[in-house]
Amino acid sequence: MRGIKGMLWETSLLDPDEARPPGIRFRGLSIPECQAKLPAAKKGGEPLPEGFLWLLATGEVPTKEQVDAVTADLQSRSKVPGHVFDVINALPKTAHPMTQLTAGIMALQTQSEFAKAYETGLNKTKYWEPTYEDAMNLISRLPEVAAYIYRRIYKGGELHGADPNLDYAANFAHMLGFQDDIMHELMRLYISIHSDHEGGNVSAHTVHLVGSALSDPYLSFAAGINGLAGPLHGLANQEVLRWIQEVVAEIGSDVTPEQLADYVHKTLKSGKVVPGFGHAVLRKTDPRYICQREFALKHLPNDPMFKMVSKLYEVVPPILLAGGKVKNPYPNVDAHSGVLLQYFGLTEQNYYTVLFGVARSLGVLSQLIWDRALGLPIERPKSMTFEYIENYCKSKATA
Ligand code: NMX
Ligand code: MLT
């Protein structure tokens, strides 16, 4: 169904062919425009995800006071019920972090205002109201659930409580165990740029599809997170870092373009994709890759792994182009994110997609509020059998 226009999605839009940034617009604003216009924690710093949330949900650029009000509102909603941790604890620590995240979200579902209101016979014109409450509650509780999973798996279960003086992204980084100012800036940028990518990507589309059955926001979001856990979608961020580490382990980091090209050919010959390259819609370098590259040039220009990512940017596209079938040979968002995270000490690749999942809640849940407000119908495309297609073709051939 690539290229088939079939759904409404207000919060963001991709333009496949737009040269360099924009490529994506959040409510009409490109990433550089969001960086310039949305309030930041510090002068000239990265935009606060709370501002993105306001922009995505309302279509308007918020003031700093409005963003601060969102931070406070999210904090006031952020209490995670104890049974959520019990559900996660019932899984072995070896369960993939994305499995633990979905289990945590499903456990949070007991708090759904929408499910409760629907049961009591809510008028359909009011559906958006409990959807809004669920969306805000879920967004506010995800960081603690996600941080719990990280500390449980990788840090022996020692937790870092929330810091009420920090904004959403910085507090998330803090609960994960990262206190570095620049890591906090990275987390603000990371959550903002991963928040939304129009409606047809697997995670967003799944949230919309499941939500169209009037499944509540928790059920819908958990479904989307399962889609994000696929290696051709969000899981690619863990695959990229693993692949780069394999490259380094096998041929070292001080490599010539020719050596790197040989490794890329080897990956392709073994029937695998080069993770972090290609896109189903974009036809140029992903603008989210570009802004992460700019962040790296500013904060870690000499990191050997960043240098490797830069070399791959040169080496991979011509090889994929020469293969003749890849529609977009350029890097996507996942080609860069892992290298930034590992630089600041978040080295556990299997966890990376959880960060993507927390960020994605801002966009897909903003849109779900609008789905309910607009009374969008249940999604139900028509399917066909092979026989149906065969008969259709025969009838056209003989016509
Ligand atoms: N390496 C090798 N082959 C590729 C790649 C790649 N990076 N990208 C596309 N192809 C192949 C693709 O598998 C298909 O082969 P075949 O005909 O044998 O099935 C052919 O090229 C045509 O595919 P496209 O139409 O260019 O891409 P499509 O829209 O089907 O898929 C992706 C888009 C993103 C799934 C694909 O480019 C890919 O698998 N990339 C690597 C995984 C990745 O980085 N995913 C993350 C996407 C971003 N995200 O966060 O979700
Ligand atoms: C996304 O952010 O969802 C990915 O780039 C995948 C997509 O847009 O298809």
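The values are calculated or read from the model by the stated rules, or taken from the named source; none is laboratory data. Please read these numbers as outputs of a predicted model, since none were measured by experiment. Ideal geometry is used to build each Cβ from the backbone, glycine not excepted, and the neighbour counts take in all protein chains shown. To get the accessible areas, we keep the full protein, side chains included, count just its heavy atoms, and leave off ligands, DNA and RNA. Shrake-Rupley method; radii C 1.70, N 1.55, O 1.52, S 1.80 Å.
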Which listed residue, of 157, 200, is within 16 Å of ligand 1 (Cβ to nearest atom) and open to solvent by 10 Å² or more (accessible area, probe 1.4 Å) | 200
Just wondering, is there one or more residues in the range 273-281 that are within 16 Å of residue 350 (Cα to Cα), surrounded by 15 or more Cβ atoms within 10 Å (Cβ to Cβ) and not hydrophobic (A, V, I, L, M, F, W, C)?
-> yes
In this structure, does residue 229 turn out to be hydrophobic (A, V, I, L, M, F, W, C), under 17 Å from the mean Cα position of the chain (by Cα) and either surrounded by 21 or more Cβ atoms within 10 Å (Cβ to Cβ) or away from ligand 2 (no atom under 16 Å from the Cβ) (or both)?
-> yes
Within the range 246-275, how many residues are assigned to a helix (DSSP H, G or I) and in contact (Cβ under 8 Å) with a residue 40 or more places away in the chain?
-> 8
Test: residue in the range 141-152 that is touching a residue at least 12 places away in the same chain (Cβ under 8 Å) and in contact with a His (Cβ under 6 Å, 6 or more places away or on another chain) | no
Note: among 244, 182, 251, just one is open to solvent by less than 10 Å² (accessible area, probe 1.4 Å), over 18 Å from residue 357 (Cβ atoms) and more than 16 Å from ligand 2 (Cβ to nearest atom), namely 244
If you check 374, 320, which single one turns out to be at pLDDT 95 or above and either in contact with a helix residue (DSSP H, G or I) (Cβ under 7 Å, 6 or more places away or on another chain) or open to solvent by less than 30 Å² (accessible area, probe 1.4 Å) (or both)?
-> 320
Any chance residue 258 is farther than 30 Å from residue 112 by Cβ, open to solvent by 20 Å² or more (accessible area, probe 1.4 Å) and within 16 Å of ligand 2 (Cβ to nearest atom) = no
Within the range 92-114, is there a residue that is polar (S, T, N, Q), closer than 24 Å to residue 354 by Cα, outside any helix (DSSP H, G or I) and open to solvent by less than 10 Å² (accessible area, probe 1.4 Å)?
-> yes
Single residue of the range 296-310 satisfying the filter (out of contact with any Ser or Thr (no Cβ under 6 Å at 6 or more places or on another chain) and either open to solvent by 60 Å² or more (accessible area, probe 1.4 Å) or over 25 Å from residue 353 (Cβ atoms) (or both)) that is farthest from ligand 2 (Cβ to nearest atom) | 302
Test: residue 236 is crowded, with 22+ Cβ neighbours inside 10 Å and more than 13 Å from ligand 2 (Cβ to nearest atom) = no
Select from the range 185-202 the residues that are within 15 Å of residue 49 (Cα to Cα) and of a type in the set (D, E, K, R) and write down the one among them that is nearest to ligand 2 (Cβ to nearest atom).
-> 196
Taking the range 213-245 only, how many residues are of a type in the set (Gly, Ala, Ser), in contact (Cβ under 8 Å) with a residue 40 or more places away in the chain and within 10 Å of ligand 1 (Cβ to nearest atom)?
-> 2
